[in-house]
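Values in this text are rule-based calculations from the coordinates and carry no lab data. The structure presented is a predicted model; accordingly, all values stated were derived computationally and were not measured. Quick reminder, even Gly has a Cβ in these numbers, built from the backbone with ideal geometry, and neighbours come from all protein chains shown.
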Amino acid sequence: MVTYIIRRLIWSVVMLSIVSIITFAIFFLVPRLAGATSEDLAARYVGRTASAEQVKVAAEKLGFNDPLVVQYGRFAKGIVAGADYDYGPGVEHCPAPCFGYSFLTRLPVWPDLLDRLPVTVSLAIGAAVIWVIAGVATGVLSALRRGSFFDRAAMGIALAGVSLPIFFTGIVSLVVFSYGLHITAPGNTYTPFLDNPATWAYNLLLPWITLAFLYAAGYARLTRAGMLETMGEDYIRTARAKGLPERVVVAKHGLRGALTPILTIFGLDLGLLLGGAVLTESTYSLPGMGKYAIDAISHQDLPQVMGVTLVAAFFVVFANLVVDLLYAVVDPRVRLV
Amino acid sequence: MQKTTRLGVAALSAVLALGLAACGGGSSSTPPASGGATAAGATGEFNGALTAVVNPSDKKGGILKFANAGDWDSLDPGDTYYGYSWNFIRLYGRSLVMFKSAPGKEGNELTPDLAEGLGTPSDDAKTWTYKLKAGIKFEDGTPVTSKDVKYGVERSFDKEVFPDGYTYFNDFLNWPKDYKGAYKSKDVNTDSAIETPDDQTIVFHLKQPLSNFDYFAQLPATIPVPKDKDTGAKYKEHVIATGPYKFDKNEIGKGFTLVRNDQWDPATDPNRKALPDGYDVATNVNADDIDNRILAGDLDVDIAGTGVQPAALGRVLPDPALKAGTDNPTGTRLWYTSINGNVPPLDNIECRKAVEYAADKTALQTAWGGEFAGGQIATSLLPPSIPGHEDFNTWVPGADNKGDVTKAKEALTACGQPNGFETNISYRAERPKEKAAAEALQQSLGRVGIKLTLKPFPQADYFALYAGKPGYAKDNKLGLAMNGWQSDWPDGFGFLQQIVDSRVIRDTGGSSNVSVRDPEVDKLIDQAMEQTDANARNGIWTQIDKKVMDDAYILPNVWAKALLVRSKNATNVFVNDAYGMYDYLGMGVK
């Protein structure tokens, strides 16, 4: 078990390195294959109507004139050992892990990431609680009352939930509940949990529900299918025959069997979301990892893109590891070697 | 309360109607008629803030809420080149002179800010002297001296640390040879460029005569920076204020707040009312959400000032009540088509005239985004809000602006090409509106036999390698080129010099002027640069505008317009022509 975990951790580091190399290569190699010079790249990071000389200075400052290997080496070294940065009147040391300085704001990236992570974590965890409870409960009830009006209505709504994009449900719910009825917070509001937990929850309520709606729908359908299958198993009949109360049959025998695949998917979903709920954060203008990622990409700000990609990749890799470990716990047939 | 709810419901039904219309695929939806008259009465009428102040008031207090769909290039006065930033920076920084905080054309007028008066020229307008007012302090109570202004300009010279800014001071001041800015050339004597004989006097020395240096003196780079508080690239995190507001919390990428600066003395400042107690500014906010929030009264200003998103445009325009709360100013940007006289047969003025006559300007207007979001049909170069603009139309494309086919054919005959000719039109591939405009020209010029082939080029190299490189343009027969220009300030020099002076054209490429080569125009520009009388100078810019149109080197398309939504909660709302958007200095809270 321990050797398994160590091996997976080493493998994770390799994975993250590969991700960073690919991101780097896409950023530099693709424009270069299309014939762009280092000045063309630098022209994105200077003011409008910049002179050719100004662009040349920027290319030098950003290090675009060095070979790609040297540039990547500088990035990797910054993460391990930190880096020095000339901000004008003096030189500043950016301690490890230094993800470099934004090409546009010329401020260090790592503090930005630390600052934005809590927003995404708040959003993801809160939504996850809602969607798991709502999704699983709906799924179980639907399965138990298969074919009833409740089942049909719930599955209809779930279908809508899976199909409607967040940038639609988000904007409509903002207009209805925030600007029309004034019962929820408007967009672009986030209060840190430690400042005021009540405001934190109030401001996040609408994003939580919108995001949870999307996921709960999928979970409800999955749970329903899983429950229908397990409830037809022989051991359920046995449990009933033993005279167990129906509540126990459903919760202990039926649901536990149906839950295994849900757990797997939940781990992966949450891992992905922790890397940034791009659409939700953009729609509600929440300053989290997802909004950061989309802004960084649209500005082609490589250090920011690298930082957010690596953090997101870390969560996915980590979630995969946790899910694999959980497999062994939930299902005794699985052995980790 | 009642009103807001009703408006909210109206807004909601409009959104739903839009959504349904989109699903139904073209079924027409009637705009909701509710909530109408009350809102109109309270917020004025359509275009009401263009020439007058809407909701005038001197009430102090309250917080104004601003949002930005993007982010500042920089809050640092030495490193910012966005129009809205120059508009907004007047809240926390004071430059030598500034644009008046007044509606319409009055906003174009320069008025002293740090300085006691406008600049005094000497030495044939190559030397400009300003006297600073006494009693102006930084937010920490230190008095502002002319040396702080000088230092601010010197540090902005360093384009490695401040790549976002302009290079006006770098290019025009008489810097010592090999000067590299305040950080890299620390101990270099820069008196040849800027002298500070005493703490209240600052003297600028230029390499060439510049009659309109006061426009340079309004640039944010003349906002004083205290040397011992300068943190270079990080200074934007806390700019030391001289204006009525200072930074409280500043999280770059998310937003910031401004609070009152108790060291600002209103006695030294007749230009700023400083009504609100502070400003809440959020950056990187969803653009559609910004529109919805302003319409709902939850937010006051979309700071970018470039107008609402298409979704809100479709919602506001058909609803008279909502439309009454908007303004549609014409900015200082011209979208145009360059007609390259280096490419035969366009070297013959008659053939260029044929292009001017045949163009369907209404089709061009539609291509640029229509009457409200695209622009006003342009008949000359200088936009209406810039002094020196005169209404004239040298080549009338028919009474209905759809092109005069008869006159175009006559011109073609005179050119010796009675059946038309073939040439290419270039545009920036990343810009769908330029493509649409090029297609509109292809269609309307096709009516007289002028066959255009569309040639897209990457935006980054458009001027450096393709349309702006004379050799390439000639060899590849780029007879027409889509082009656009916005001046940095409302003045003939700022608008015209870069696009009509033939001496800015370089064989190596990179110039915005790709077609105007007229020695007489160059001569007129020199005259204007030496003319220190503003009225006489503006007359010369008018002359230049007419001369370039006579040459038919440029086919003006539209002067860009934007639809702005007025805040429900703000007082003193008006559009300042200098910025082509709401003036951020005068606004207060109801």
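Brief remarks on what is shown
- Ranked by how many other Cβ atoms sit within 10 Å of their own Cβ, fewest first, the residues B:K561, A:K252, B:K65 fall in the order A:K252, B:K65, B:K561.
- Overall, the ratio between the Cα radius of gyration of the range B:323-420 and 2.2 N^0.38 Å, rounded to two decimals, is 1.24.
- Shape of chain B, Cα gyration tensor, a/c cut at 1.5: oblate
- In a reduced charge model with +1 at each Lys and Arg Cβ and -1 at each Asp and Glu Cβ, chain B shows a dipole moment near 1200 debye about its Cα centre.
- FRET efficiency, 1/(1 + (r/R0)^6) with R0 60 Å, evaluated for B:E390 and B:K249 via beta carbons: 0.80
- Each stretch of four or more DSSP H residues adds -39500 (n - 2.57); spread over every residue of the protein assembly as shown, this sum gives -13500 deg cm²/dmol at 222 nm.
- Cα gyration tensor, the range A:127-216 - rounded (a/c under 1.5), prolate or oblate: prolate
- Model label sites at B:R260 and A:I26, defined 7 Å from Cα along the beta-carbon direction, differ in position by 5.1 nm.
- Loop-located trypsin sites (Lys or Arg not before Pro) in the range A:29-67, at most 14 other Cβ atoms within 10 Å (DSSP): A:R48
- A simple count of charges around A:L104, restricted to other residues whose Cβ falls under 9 Å of its Cβ and scoring Lys, Arg +1 and Asp, Glu -1, yields -2.
- A viscosity of 1.567 mPa s and a temperature of 4 °C, combined with the Kirkwood radius over C-alpha pairs in the Stokes-Einstein formula, give the protein assembly as shown a diffusion coefficient of 42 µm²/s.
- Each Lys and Arg contributes +1 and each Asp and Glu -1, all at the Cβ; summed about the Cα centre of the range B:184-296, the dipole is approximately 260 debye.
- Exposure proxy shown here: for A:R240, B:R566, the number of other Cβ atoms within 10 Å sets the order, fewest to most, as A:R240, B:R566.
- Gyration tensor (alpha-carbon) shape descriptor, the range B:402-503, a/c threshold 1.5: prolate
- Calculated FRET efficiency for the pair B:K474/B:D550, C-beta based, R₀ 22 Å, to 0.05: 0.45
- Dipole size of chain A about its Cα centre, with +1 on Lys/Arg Cβ and -1 on Asp/Glu Cβ: approximately 1380 debye, rounded to the nearest 20.
- Whole-Å distance, taken between Cα centres, linking the range B:164-214 and the range B:255-274: 28
- Cross-link partners of B:K477 among lysines, defined as those whose alpha carbon lies under 27 angstrom from its own and excluding same-chain residues fewer than eight positions apart: B:K353, B:K361, B:K402, B:K407, B:K409, B:K433, B:K435, B:K451, B:K455, B:K469, B:K546, B:K547.
- Of the residues A:L302, B:L465, the one with the fewest other Cβ atoms within 10 Å heads the list, and the complete ranking is B:L465, A:L302.
- Helix A:109-144 axis, angle to chain A major axis (alpha carbon atoms, nearest 10°): 20
- Full extension of the chain between A:V13 and A:M1 yields a length gain of 2.4 nm, computed as 0.36 nm times the residue separation minus the alpha carbon distance.
- Counting only residues at least eight positions apart within a chain, or on another chain, the lysines with an alpha carbon under 20 Å from that of A:K252 are A:K242.
- For the pair A:E246 and B:K184, label points projected 7 Å from Cα toward Cβ lie 8.1 nm apart.
- Membrane-span-like helices in chain B, defined here as complete DSSP H runs extending at least 18 Å along the helix axis by their C-alpha atoms with mean Kyte-Doolittle hydropathy no lower than 1.6, are absent; this is a sequence and geometry rule, not a statement about a membrane.
- Isotropic mean projected area of the C-alpha convex hull, the range B:240-398 (nm²): 14.9
- Each Cα pair under 8 Å and six or more residues apart adds its sequence gap; the mean of these over the residue count of the range A:259-337 is a relative contact order of 35 percent.
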